[in-house]
1. What residue, of 148, 141, is closer than 29 Å to residue 239 by Cα, outside any loop (DSSP other than H, G, I, E, B), among the hydrophobic types (A, V, I, L, M, F, W, C) and open to solvent by 60 Å² or more (accessible area, probe 1.4 Å)?
2. Have a look at 260, 195, 208 and point out the one that is modelled with pLDDT under 80 and in contact with a Leu (Cβ under 7 Å, 6 or more places away or on another chain).
3. Hey, can you tell me all the residues within the range 224-264 that are part of a helix (DSSP H, G or I), among the aliphatic types (A, V, I, L, M) and open to solvent by less than 70 Å² (accessible area, probe 1.4 Å)?
4. Among the residues of the range 93-110, how many are over 16 Å from residue 65 (Cβ atoms) and among the aliphatic types (A, V, I, L, M)?
5. Taking only the range 85-125 into account, find how many residues are in contact (Cβ under 8 Å) with a residue 24 or more places away in the chain, under 22 Å from residue 4 (Cβ atoms) and of a type in the set (Gly, Ala, Ser).
6. With respect to the numbered conditions (1) surrounded by fewer than 16 Cβ atoms within 10 Å (Cβ to Cβ); (2) over 20 Å from the mean Cα position of the chain (by Cα); (3) modelled with pLDDT under 95, which one is the sole condition not fulfilled by residue 18?
7. Being within 23 Å of the chain's Cα centre (by Cα) and either farther than 14 Å from residue 136 by Cβ or open to solvent by 40 Å² or more (accessible area, probe 1.4 Å) (or both) is the filter here; which residues of the range 163-181 pass it?
Amino acid sequence: MYFVLGVIGILHHEMWLDEAHHYLLARDSHSLSELMYNARYEGHPLIWNILLLVLTIFTRDPFYMQVLHVIIATTTVFLLLRYAPFQYYIGVMIVFGYFFFYEYNIISRNYAISMLMLVITCILISRPVKNYILIAISLVFLANTHLFSFIASVGILSVLVWDLSDKRAFESNKKALYWSIIILMIGLIVLLSQVFVPEDHFLKHYDVDPYFSFKRIGKAFSIVMKGLYHVPNIFTDHLWNTNVLVSSSKIGSTVPVFLVLFIPLIFFIENPHALFFFYFS
């Protein structure tokens, strides 16, 4: 049902500029090195662009990019419904909610691969007997889909390192852990080779306020509010990516955010791993 509705969605979706932009980067590049050069201003890892580079070998029709994206999203939904420890109706509400059905499905961007790798990583780390080499590979792919996903991968890795601080756990997985470290280091090198933008990138001159200015702190914490409480601004014609509180006052939204940050402490007070992952990330 999710796949069929997704196909209906892309048939009625007018492609956004950023969707077309990534497709054109791939279409107009004739090799991986040329793609990396053309995408030098992106500032994000290039897994999605590489998939599109392969796709454009066979077709020039961007519709097939959308089909590929729906297939990726549907795979994520299958894995989530199959493995997530939610009651079934909660899983259905999640996958047919705004983010999973629209933003990570109808809009063809790299977020869908991030969600797929995040779900796969969660499946791997929740197994009683962990395959650390597979987890390392999964974390590398997760980190190389998007910079936000890199933050999540570091958070997950930190929890795994905490688990392995137990000497017995480390000794019983020593060989696999050494290989995992090598894989993670290679993944980090690949990531760093893609994300540094040229000096004439507009972001280098876009926000010149001091790092610890009230404006920057306010903007940073308003993102936390938007992430945890996605209440769109219904008083505007274009409510995508808006938050009613942040829209009214970016500075004012910092105050309730400090209160919001204590909520995980209430829910996960007996789950130190979850607390550590949330606050460390």
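The values are calculated or read from the model by the stated rules, or taken from the named source; none is laboratory data. No experiment lies behind these values; they were computed from the predicted model shown. Every residue, glycine among them, receives a Cβ derived from its backbone with ideal geometry; neighbour counts consider all protein chains shown. Surface areas here come from the heavy atoms of the whole protein model, side chains and all, with no ligands, DNA or RNA. Shrake-Rupley method; radii C 1.70, N 1.55, O 1.52, S 1.80 Å.
1. Values: 141 fails: closer than 29 Å to residue 239 by Cα.
Of the residues listed, the single one that is closer than 29 Å to residue 239 by Cα, outside any loop (DSSP other than H, G, I, E, B), among the hydrophobic types (A, V, I, L, M, F, W, C) and open to solvent by 60 Å² or more (accessible area, probe 1.4 Å) is 148.
2. Matching residue, one of 260, 195, 208: 260.
3. Filtering the range 224-264 for residues part of a helix (DSSP H, G or I) gives 224-228, 244-248, 254-260, 263-264.
Those still in the list that are among the aliphatic types (A, V, I, L, M) too: 224-225, 228, 244-246, 255, 257, 259-260, 263.
Within the range 224-264, 224, 225, 244, 245, 246, 257, 260, 263 qualify.
4. 3
5. 2
6. Residue 18 satisfies every listed condition except (2).
7. Keep residues of the range 163-181 that are within 23 Å of the chain's Cα centre (by Cα), which gives 180-181.
Across the range 163-181, the qualifying residue is only 181.
Conditions tested, residue by residue: (1) assigned to a helix (DSSP H, G or I); (2) at pLDDT below 95; (3) open to solvent by 30 Å² or more (accessible area, probe 1.4 Å); (4) in contact with a Lys or Arg (Cβ under 7 Å, 6 or more places away or on another chain).
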| site | (1), (2), (3), (4) |
| --- | --- |
| 9 | yes, no, no, no |
| 14 | no, yes, yes, no |
| 24 | yes, no, yes, no |
| 36 | yes, yes, yes, no |
| 42 | no, yes, yes, no |
| 52 | yes, no, no, no |
| 64 | yes, no, yes, no |
| 72 | yes, no, no, no |
